[in-house]
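S.K.: Mind having a look at this structure? Questions to follow.
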Amino acid sequence: MDPYERLKEATRWMWGLGDYSDLGSLLEPYARALAVAVGVQPGMDVLDIAAGNGNFAIAAANAGAIVTATDLTPKMVELGRLRTDAANLNVEWREADAEALPFADEAFDLVASVFGAMFAPRPDRVAAELFRVVKPGGVVAMANYSKPGFLGSFADLLTKFSSPPPAGLALASPFDWGDPRVVQRRFAGMTRSLDFESGVVTFSFPSLEVGWNFWERTNPPLIALKSMQPADRFQEVVKEGKRLMSGLNAADDGRLVLESDYLQVVARRGSP
């Protein structure tokens, strides 16, 4: 099997772990903010890529758009479909790879991804697909984590305790999508306009212990690491993870408040 396909099989397994819905609920405000920034309108054809359990899809559907939501991971598609069905929203869910979308050229008015497509292993393919399926004059919008802050540091911690990627893979950091200069380079020649806005994702918990326990229950990469480590080795992860959280805590009143920079990207496709 192609090494990238092996990686995607592992990704499908990993993102099916844990109770992602609780973590997804903390990210919903940033999906809503992106929907407001792009001005979703009734009747627009909207595609949500790497949709997780549907935060942006729901925001767009509530605005009256015709929404298709996709994710690489079957469990995410299942969670998203259950959520939108329960809300009586007309969202079509499909399993799909952000690097090879199963849609015709120029099919959507708006193509968006909130903390999702940034994790696909080949970013240039992702960029090409985003602009392939959006109509000329249509909008490509993303919310992408940047390196500074808790999530970038936590990713470094997980990497320290993880096995290296399979041989033959040249993987860029997903956090590169949070750098405007990188996005400009990846979108070069495809945009009529390209705008950025920096923001901060905030995770707030009553205490360090509550925060760590939440992360251990809901964060798929951490859950995957725990499943593959001997118990004593994982206790080192716990110790270093709590030290990291404590060191980055923005609160001084007993709460745990963790902040991560992110980049909001709004691009308009140029004419063919």
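S.K.: Apply the Karplus curve 6.51 cos²θ - 1.76 cosθ + 1.60, θ = phi - 60°, to the phi angles in the stretch 256-263 and return the couplings in whole Hz, x for Gly and Pro.
M.R.: My calculation for the stretch 256-263 gives 10, 10, 10, 10, 9, 5, 8, 10 Hz in order.
S.K.: Once each part is reduced to its C-alpha centroid, what is the distance from the stretch 1-21 to the stretch 193-269 in angstrom?
M.R.: The two parts, judged by their Cα centres, are 20 Å apart.
S.K.: Still on this model: Let me make sure I get this right: for the stretch 1-152, a, b and c are the square roots of the gyration tensor eigenvalues over alpha carbons, sorted descending. Under 1.5 in a/c it's rounded, otherwise prolate if a/b > b/c, else oblate. Which is it?
M.R.: In terms of gyration-tensor shape, rounded.
S.K.: Using a simple charge model, +1 on the beta-carbon of Lys and Arg, -1 on the beta-carbon of Asp and Glu, nothing else, what dipole does the chain show about its Cα centre, in debye to the nearest 20?
M.R.: 340
S.K.: For the chain, how many pairs of lysine residues have a Cα-Cα distance under 23 Å, where the two are 8 or more positions apart or belong to different chains?
M.R.: Step by step, the pairs that qualify in the chain add up to 13.
S.K.: Mind ordering 115-123, 158-166, 47-55, 181-189 by average Cβ neighbours within 10 Å, highest first?
M.R.: Highest to lowest by the protection proxy: 47-55, 115-123, 181-189, 158-166.
S.K.: Relative contact order for the chain using alpha-carbon pairs under 8 Å, separation at least 6, rounded to a whole percent?
M.R.: That works out to 22 percent.
S.K.: Moving on to the next point. Please give the helix 150-161 orientation as an angle from the longest Cα principal axis of the chain, in degrees from 0 to 90, rounded to the nearest 10.
M.R.: Approximately 60 degrees, to the nearest 10.
S.K.: Provide the descending list of Cα extents for the stretch 13-78 along its principal axes, expressed in whole angstroms.
M.R.: On the principal axes, the stretch 13-78 reaches 35, 20, 14 Å in Cα extent.
S.K.: Another question, if that's okay. For the chain, treating each Cα as an identical point scatterer without solvent, what Debye log10 I(q)/I(0) comes out at q = 0.10, 0.12, 0.15 1/Å?
M.R.: Reported log10 I(q)/I(0), two decimals: -0.50, -0.73, -1.15.
S.K.: Given the chain, what percent of its DSSP beta bridges are antiparallel, to the nearest 5?
M.R.: 55
S.K.: Further question on the same structure: Could you put ASP85, ASP252 in order, starting from the residue whose Cβ has the fewest other Cβ atoms within 10 Å?
M.R.: ASP252, ASP85
S.K.: Stick to the Cα atoms of the stretch 78-158, pair each with every other, and give me the Kirkwood hydrodynamic radius in Å at one decimal.
M.R.: 14.6 Å is the Kirkwood radius here.
Coordinate-derived values only; no laboratory data. All values reported here derive from a predicted model rather than from experimental measurement. Because the Cβ atoms are built from the backbone with ideal geometry, glycine has one as well, and the counts that use them run over all protein chains shown.
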